[in-house]
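Everything on this sheet refers to the single structure shown next.
The values are calculated or read from the model by the stated rules, or taken from the named source; none is laboratory data. The structure presented is a predicted model; accordingly, all values stated were derived computationally and were not measured. Every residue, glycine as well, gets a Cβ built from its backbone with ideal geometry; the counts of neighbours run over all protein chains shown. Areas reflect the complete protein model, heavy atoms only, side chains present, ligands, DNA and RNA absent. Shrake-Rupley method; radii C 1.70, N 1.55, O 1.52, S 1.80 Å.
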Amino acid sequence: MPTNLLSAEYDFIVIGAGAAGAVVANRLTEVPGWKVLLLEAGKDEILLTDMPVFAAHFQLTDFNWGYRAQPQDGACLGLKDKRCPWPRGKGMGGSSILNYMIYTRGHRGDYDGWEQMGNPGWGWKDVFKYFLKSENAKDDLVDSQFHSTGGYMDVERVRHRTPLVNAFMDSADELGYNTVDYNSGDLLGFSRLQVNQRRGKRCSANKAFIRPIRHRSNLHVAKEAFVSRILIDPNTKRATGVEFLRNNRWYSIKARKEIILSAGAVNSAKILMLSGVGPRVHLESLGIPVLVDAPGVGQNLQDHASTCAALYTVNDTVSLKEERIAQVGPFLDWVTNGNGPITIAGGVEALGYIRTPNAVTAPDYPDIELMFISSSLNADPGTVVRQGLGVTDDIFNSVYKPILNRDAWTIWPMQMKPNSRGYVKLKSRNPLSWPLMYANYFEDPQDLEIIVHGIKFAIEMSKTRAFQKFNSTLHPIPVPGCANHEFGSDDYWRCAVRHLTTTLNHQCGTAKMGPSTDPDAVVDAELRVYGVKGLRVADASIIPRITAAHTNAVCNMIGEKVADMIKSAYGK
């Protein structure tokens with residue numbers, strides 16, 4: 001909507017049209033008398049973002065904020081400038097327009113743990129209904145008690161299978177693991193992927209929650225509107241409006257009732273601090289007037305680290321290679337039928353959940369997710385996937401370039417419950433400056449040991465009959481910088497993981513939900529910011545302890561739940 005057609009005041013202003021913000025805007029405008037403004041820094045989606053297999057390509061476009069974590073000694077050593085890329089979605093749908101569409105909710109213990117931390121109403125029994133409320137399940141999921149139909153967000157199986165995913169599932173069976181529905185609240189086992197797709201095309205938060213309601217007269221959407229800060233009355237400590245940049249001009253719009261901040265774990269923390277809500281010493285050092293001393297803002301940063309350090313070559317043309325997919329035939333099959341290899345979510349076809357020997361989680365709680373990818377960094381000549389991951393020329397040319405003509409697969413082991421914590425700071429008081437992001441991956445060495453175990457488990461899978469049908473062979477060229485270790489030893493894998501560190505882009509926790517007795521809590525159990533009236537945060541930043549899940553569905557749930565809380569607060 002053109003800026004001159006926007007109102008000077010709305011009942012609610014939602015900042016960010018991502019996985020949570022899109023849900024909040026949808027649900028609040030169900031109340032006819034409420035007028036809602038949705039502000040999004042990016043633009044609308046395009047047809048190409050609908051193509052699941054090319055998810056990595058869009059992390060190299062302006063649909064991505066382009067963030068990179070600060071260098072650290074113990075991780076990301078083989079990436080450009082020793083910095084891990086942190087792709088974050090910038091557009092209608094937020095990160096759901098460039099993520100891998102993986103639909104997972106986590107373990108029931110995640111949410112019961114939130115409740116036990118002093119957040120009433122966030123246990124599994126409370127949040128499960130909100131997962132169901134959003135969902136429109138397809139395929140074999142329709143008749144399951146753990147899924148529902150009629151919601152806005154489509155969930156279906158990937159519509160194409162390579163022979164390798166069958167090998168992965170058969171290999172798990174050989175090793176004694178069951179096939180499970182990992183969205184039941186219990187995870188241990190293996191499953192083909194459930195994805196946010198609609199007939200083989202990406203189903204983003206925008207497609208699911210905003211496009212179907214764009215006719216509502218009480219919803220105004222302003223795209224390419226860069227929010228700099230929330231306006232807070234210094235005397236009453238009430239959030240009164242939002243300041244944003246659009247078409248090279250600054251604007252401010254007022255909110256009668258509330259502002260809901262849904263800009264993501266990085267940008268929500270940044271906006272809070274620029275608004276004067278954050279750690280006093282940090283804000284004062286930048287000359288930002290402190291309205292609320294909130295030491296937890298930007299702290300408690302958690303993420304799921306992984307690695308692409310191990311891959312397996314095969315003797316048949318069964319993997320995903322760009323040269324075979326980027327053809328007219330597969331494109332027409334996808335456009336007309338919603339089928340074919342283009343429907344595979346960034347190459348990911350299945351997930352497995354296991355417990356490592358030294359796991360400290362509950363007996364039914366896995367500490368590793370195995371993400372099966374029927375491809376590898378050699379799937380293209382180094383133009384896309386390795387660029388998105390930031391892998392250096394030295395490593396790509398040494399390890400991957402020699403096998404560009406080979407088919408290969410890989411398993412990324414994801415540490416489910418990292419102990420390491422990072423943080424986000426402001427670089428300056430200039431809202432156009434990137435924030436400073438410190439991941440602190442493997443600060444706790446146990447996080448690294450779990451990933452090393454995941455690699456060793458994947459190697460055992462490669463040796464099963466199912467994978468040996470394709471002569472699956474661990475690629476033996478060592479990572480430069482790790483050749484001083486015996487290839488395949490634990491020390492080698494520790495080194496390789498520290499060099500080829502990858503992230504699943506599940507950053508969360510920077511505006512922690514918790515009771516008032518928790519000095520690091522930023523919001524209460526109704527997601528209201530402590531010390532500021534009329535302001536809530538609703539996105540991954542409120543997560544107090546990271547879940548055993550890819551965070552998109554979790555953010556949908558958070559949006560659903562906070563919308564009901566807001567309606568209840570106003571008797572709606």
* To do: Measure out, as a whole number of angstrom, how far apart the alpha-carbon centroids of region 288-313 and region 119-192 sit.
  => 27 Å
* Structure fact -> Restricted to the chain, the DSSP antiparallel beta bridge percent, nearest 5, is 70 percent
* **Loop sites in region 379-486: GluC sites (Glu not before Pro), DSSP, at most 11 other Cβ within 10 Å** => 486
* Structure fact -> Over 32 Å (Cα to Cα) among 90/512; 35/425; 138/257 -> 35/425; 138/257
* Using the alpha-carbon atoms, what tilt in degrees (0 to 90, nearest 10) does helix 445-462 show relative to the longest principal axis of the chain? -> 40 degrees
* Structure fact -> Taking every C-alpha to C-alpha distance in region 15-78 and binning by 10 Å from 0, the per-bin percentages run 16, 31, 29, 19, 5, 1
* What's the Cα-based Rg to Rh of region 404-493, Rh via Kirkwood? -> 1.13
* Between 0 and 90°, nearest 10: helix 163-174 axis offset from the chain longest Cα axis -> 80 degrees
* Structure fact -> Among 466, 396, 434, the residue whose Cα sits farthest towards the positive end of the charge dipole of region 337-493 (+1 at Cβ of Lys and Arg, -1 at Cβ of Asp and Glu, taken about the Cα centre) is 434
* Summarise the accessible area of the chain (1.4 Å probe, protein heavy atoms) by the percent that is carbon and sulfur. => 50 percent
* Structure fact -> The Cα extents of region 127-187 along the principal axes, largest first and rounded to whole Å, are 36, 25, 16
* Structure fact -> So the pair-distance distribution of region 284-329, from every Cα-Cα distance in 10 Å bins, comes to percents of 14, 22, 17, 14, 14, 18, 2
* To do: Over all alpha-carbon pairs in region 364-435, figure out the percentage whose distance exceeds 16 Å.
  => 67 percent
* Provide the percentage of antiparallel DSSP beta bridges, counting only those with both residues in region 221-323; round to the nearest 5. => 85 percent
* Cα centre as origin, Lys/Arg/Asp/Glu Cβ charges: region 476-547 dipole, Debye -> 280 debye
* Using Cα pairs closer than 8 Å and at least 6 residues apart in sequence, work out the relative contact order for the chain, in percent. => 23 percent
* To the nearest 500 deg cm²/dmol, what mean residue ellipticity at 222 nm is calculated for the chain from DSSP H runs of n ≥ 4 alone, each contributing -39,500 (n - 2.57), summed and divided by the residues? -> -6500 deg cm²/dmol
* Asked: Residues with amide H under 5 Å of residue 537's amide H, sequence separation 5 or more or different chain, H placed in the peptide plane at 1.01 Å from N; which?
  -> 261, 529
* Per residue, how many Å² of accessible area does the chain show with a 1.4 Å probe? -> 35 Å²
* Convert 25 °C to kelvin, take the viscosity as 0.890 mPa s, use the Kirkwood radius over C-alpha pairs of region 337-489 as Rh, and evaluate the Stokes-Einstein diffusion coefficient in µm²/s, rounded to a whole number. => 134 µm²/s
* Mind pulling the per residue volume of the convex hull built on the Cα atoms of region 195-307? Å³ is fine. => 182 Å³
* Taking the alpha-carbon centroid of each part, what is the distance from region 485-554 to region 409-473 in angstrom? -> 14 Å
* Structure fact -> Here D for region 449-543, in µm²/s, from Stokes-Einstein with a Kirkwood Rh over Cα pairs at 4 °C and 1.567 mPa s, works out to 75 µm²/s
* Using a cut-off of under 19 Å, list every residue of region 207-230 whose amide N is near the label point 7 Å from the Cα of residue 4 along the Cα-to-beta-carbon line. => 221-225
* If each of residue 285 and residue 80 carries a label point 7 Å out from its Cα toward its Cβ, how far apart are those two points in nm? -> 2.9 nm
* Could you give the distance between the Cα centres of region 1-51 and region 193-259, to the whole Å? -> 4 Å
* Evaluate the charge dipole of the chain about its Cα centre and quote only its size in Debye, nearest 20, assuming +1 on the Cβ of each Lys and Arg and -1 on the Cβ of each Asp and Glu. => 1860 debye
* Hey, what do the phi angles of region 107-123 turn into as Karplus ³J(HN,Hα) couplings, whole Hz, using 6.51/-1.76/1.60 and θ = phi - 60°, x for Gly and Pro? -> 9, 4, x, 4, 7, 4, x, 4, 5, 5, 7, x, 10, x, x, 10, x
* Take the Cα pairs of region 1-159, get the Kirkwood Rh, then feed it into Stokes-Einstein at 20 °C and 1.002 mPa s and tell me D in µm²/s. => 115 µm²/s
* For region 356-365, 3J(HN,Hα) per residue [Karplus equation, 6.51 cos²θ - 1.76 cosθ + 1.60, θ = phi - 60°, Hz, x = Gly/Pro] -> 7, x, 9, 4, 10, 7, 4, x, 9, 10
